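Here is the structure we will look at, set down as structure tokens.
The values are calculated or read from the model by the stated rules, or taken from the named source; none is laboratory data. Everything numeric in this text was worked out from a predicted model, so none of it was measured. Positions of Cβ are generated from backbone atoms using ideal geometry, with glycine treated the same way; all protein chains shown enter the neighbour counts. Heavy atoms of the whole protein, side chains included, go into the accessibility calculation; ligands, DNA and RNA do not. Shrake-Rupley method; radii C 1.70, N 1.55, O 1.52, S 1.80 Å.
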Amino acid sequence: LTNDDDRGQVGIGTLIVFIAMVLVAAIAAGVLINTAGFLQSSAEETGQQSSDQVTNRLEVVNSVGTNIDSSNSEVDTVEVTVKKAPGAANIDIGSTISQWVDSTGSYDLTVNENDASTVDQDNFAVSTVQDDDSSITTSQVLNDPSDRATLEYDVTAIHNSANGNGLGEGETATIRLNTQSGGTTTVRLVVPETLSGNSAVTL
């Protein structure tokens, strides 16, 4: 027999549990969405920084040893001509750190913020080779693929704390150029076995 007067009822307790579950699910969804957004933003920033480290760097055109001391057969000045690498954004040489490494030790050099032509124990100099808009002259910035700048190093000044000498015949040195974005370029310098009769040599 059936009783048509019977009715199913939902208890208030069940209703409270249901509402609580909905609220917990909504809060959890909000947390997940916020976390996903943060992770995406962080990933994009990390990816951009990684990309900048690869692309925003200097490319070496050539390196030359000049101011050769014939009395002791040493290269006293090194000139490195650079341009910005393909795909690179503007490169601020004034914010670039140059690390000179040779048999006497490791030396960190920067551009003198008051005078970019200063070359001494702590600074390398920047001069213009090709620059249509004077960006190198005014602010030491490579902003065009055709821009060319020369970085000058006084080897005897760099070695002042060691022995005050230049690079001798057959000696080697390494220059690491680290731009503001973290892009690194390594320049390997090798002095020829003989410097006799030369006023400049390719390194």
Original post:
With Rg and the Kirkwood Rh both taken from Cα atoms, where does Rg over Rh land for the chain?
Top reply: 1.50
**OP:** Give the peptides 80-88, 138-146, 34-42 in descending order of average Cβ contacts within 10 Å, highest first.
**Re:** 80-88, 138-146, 34-42
**OP:** Could you calculate the FRET efficiency of Asn143 with Ser41 from 1/(1 + (r/R0)^6), where r is the beta carbon distance between them and R0 is 30 Å, rounded to 0.05?
**Re:** 0.55
Original post:
Considering only protein heavy atoms and a 1.4 Å probe, what is the carbon-and-sulfur percentage of the accessible area of region 100-141?
Top reply: 40
Subject >> Long-range amide H partners of Val61 with built H, under 5 Å >> reply: Thr81, Val82, Lys83
Original post:
Asn165 versus Gln180, label points 7 Å from Cα toward the beta carbon: distance in nm?
Top reply: 4.0
Original post:
Can you give the calculated 222 nm mean residue ellipticity of the chain, where each DSSP H run of n ≥ 4 adds -39,500 (n - 2.57) and the sum is split over every residue, rounded to the nearest 500 deg cm²/dmol?
Top reply: -9000 deg cm²/dmol
Subject >> Part-to-part distance (alpha-carbon centres) for region 122-187 and region 77-111, which is given in Å >> reply: 5
Original post:
On full extension of the chain, what length is gained from Ser95 through Ser134, given 0.36 nm per residue of separation minus the C-alpha to C-alpha distance?
Top reply: 12.3 nm
Original post:
What percent does the relative contact order of the chain come to when contacts are Cα pairs within less than 8 Å and at least six residues apart?
Top reply: 24
**OP:** Multiply the residue gap between Asn198 and Val64 by 0.36 nm, knock off their C-alpha separation, and tell me the result in nm, one decimal place.
**Re:** 47.1 nm
**OP:** Would you mind computing, in nm to one decimal, how far apart the modelled labels at Val24 and Ile12 are, each placed 7 Å from Cα along Cα→Cβ?
**Re:** 2.2
